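Read through the structure below, which is laid out as structure tokens, and then see the notes.
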Amino acid sequence: MLEVHSRMTEEFVRVATTSEIQADKMKMVQYKGQAICLANITGKYYAIRNTCTHLGGPLAQGKLEDHMVECPWHGSRFDLTTGEVKRGPAQTSEPIYEVKVEGTSILIRPK
């Protein structure tokens, strides 16, 4: 007999519309009380936790370059596609979110 392990999957939550976030820009949105940095990179959307793992800087207020976000406080850089730290002082990766666009609605859920 096969045992099925079910993984609890969070539902997608609408966090913004496509008109709210211009190409190559970022915006802070909320997902169930969590601050999320939502980025539009040439029409593709990425979502990462908005709070820098170093000292809590607001990532959406930082610089966006290619698929990297740079914290405005101390310059830590994170890859928006994986959450990995690409430059310190941060040492801990950021949680990332799955993004889905339905019509003009942007929906996210934890990956």
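Which of the residues that make up the stretch 23-53 are among the polar types (S, T, N, Q), over 14 Å from I96 (Cα atoms) and at pLDDT 95 or above? Working first, answer last.
Start the filter on the stretch 23-53 by keeping residues that are among the polar types (S, T, N, Q), which leaves 30, 34, 40, 42, 50-51, 53.
If we keep only those that are over 14 Å from I96 (Cα atoms) too, we end up with 40, 42.
Within the stretch 23-53, N40 is the sole residue that qualifies.
Given the criteria modelled with pLDDT under 95, of a type outside the set (S, T, N, Q) and touching a strand residue (DSSP E or B) at 6+ places or on another chain (Cβ under 9 Å), does K111 qualify? Spell out the reasoning first.
Numbers: modelled with pLDDT under 95: yes; of a type outside the set (S, T, N, Q): yes; touching a strand residue (DSSP E or B) at 6+ places or on another chain (Cβ under 9 Å): yes.
The answer is yes for K111.
Quick check on the stretch 17-27. Is at least one of its residues aliphatic (A, V, I, L, M), out of contact with any helix residue (DSSP H, G or I) (no Cβ under 8 Å at 6 or more places or on another chain) and loosely packed, with under 13 Cβ neighbours inside 10 Å? It would help to see each step written out before you state the result.
Pass one, the stretch 17-27, residues aliphatic (A, V, I, L, M): 21, 23, 26.
Adding the requirement that they be out of contact with any helix residue (DSSP H, G or I) (no Cβ under 8 Å at 6 or more places or on another chain) leaves 21, 23.
Going one step further and asking which of them are loosely packed, with under 13 Cβ neighbours inside 10 Å, we end up with 23.
Scanning the stretch 17-27 turns up at least one residue that is aliphatic (A, V, I, L, M), out of contact with any helix residue (DSSP H, G or I) (no Cβ under 8 Å at 6 or more places or on another chain) and loosely packed, with under 13 Cβ neighbours inside 10 Å.
Would you pick out the residues in the stretch 52-111 that are under 16 Å from K25 (Cα atoms), in contact with a Gly (Cβ under 6 Å, 6 or more places away or on another chain) and assigned to a loop (DSSP other than H, G, I, E, B)?
C71, P72
Could you please find all residues in the stretch 69-108 being farther than 21 Å from Q22 by Cα, of a type outside the set (S, T, N, Q) and touching a residue at least 40 places away in the same chain (Cβ under 8 Å)?
Once the filter is applied, which keeps residues that are farther than 21 Å from Q22 by Cα, of a type outside the set (S, T, N, Q) and touching a residue at least 40 places away in the same chain (Cβ under 8 Å), the stretch 69-108 yields E94, P95.
Confirm whether V85 is modelled with pLDDT of 95 or more and in contact with a helix residue (DSSP H, G or I) (Cβ under 7 Å, 6 or more places away or on another chain).
No.
Of all residues being part of a loop (DSSP other than H, G, I, E, B) and free of Cβ contacts under 8 Å to residues at least 60 places away in the same chain in the stretch 13-30, which is nearest to P89 (Cα to Cα)? Just the residue, please. Please lay out each step first, then the result.
Going residue by residue through the stretch 13-30, those that are part of a loop (DSSP other than H, G, I, E, B) are 21-24.
Those left that are additionally free of Cβ contacts under 8 Å to residues at least 60 places away in the same chain: 22-24.
On the way: Q22: 29, A23: 28, D24: 25 Å.
Of everything passing the filter in the stretch 13-30, D24 is nearest to P89 (Cα to Cα).
Tell me, please, whether a residue that is aromatic (F, W, Y) and part of a loop (DSSP other than H, G, I, E, B) can be found in the stretch 31-39. Let's see the steps before the verdict.
Restricting attention to the stretch 31-39, the residues satisfying the condition of being aromatic (F, W, Y) are 31.
Those still in the list that are part of a loop (DSSP other than H, G, I, E, B) too: none.
No - not one qualifying residue is present in the stretch 31-39.
Out of all the residues in the stretch 10-19, is one or more in contact with a Gly (Cβ under 8 Å, 6 or more places away or on another chain) and either at pLDDT 95 or above or not hydroxyl-bearing (S, T, Y) (or both)?
Residues of the stretch 10-19 in contact with a Gly (Cβ under 8 Å, 6 or more places away or on another chain): none.
No, because not a single residue in the stretch 10-19 is in contact with a Gly (Cβ under 8 Å, 6 or more places away or on another chain) and either at pLDDT 95 or above or not hydroxyl-bearing (S, T, Y) (or both).
Of all residues in the stretch 48-68 being out of contact with any strand residue (DSSP E or B) (no Cβ under 6 Å at 6 or more places or on another chain) and small (G, A, S), which is nearest to I21 (Cα to Cα)?
That would be G57.
Keeping to the stretch 36-51, report how many residues are out of contact with any Pro (no Cβ under 9 Å at 6 or more places or on another chain) and more than 18 Å from S105 (Cβ to Cβ).
Let us first name the residues in the stretch 36-51 that are out of contact with any Pro (no Cβ under 9 Å at 6 or more places or on another chain), namely 36, 38-47.
Then drop every residue that is not more than 18 Å from S105 (Cβ to Cβ), which leaves 41-42.
Qualifying residue count for the region: 2.
Which members of the stretch 52-87 meet the condition of being among the β-branched types (V, I, T) and either over 23 Å from I106 (Cα atoms) or buried (at least 18 other Cβ atoms within 10 Å of the Cβ) (or both)? I'd like the intermediate steps shown before the answer.
If we filter the stretch 52-87 for residues that are among the β-branched types (V, I, T), which is where we start, we get 53, 69, 81-82, 85.
If the condition is that a residue be among the β-branched types (V, I, T) and either over 23 Å from I106 (Cα atoms) or buried (at least 18 other Cβ atoms within 10 Å of the Cβ) (or both), then T53, V69, V85 are the ones that fit.
The values are calculated or read from the model by the stated rules, or taken from the named source; none is laboratory data. Source: prediction; values computed, not measured. We place every Cβ from the backbone using ideal geometry, glycine too, and count neighbours over all the protein chains shown.
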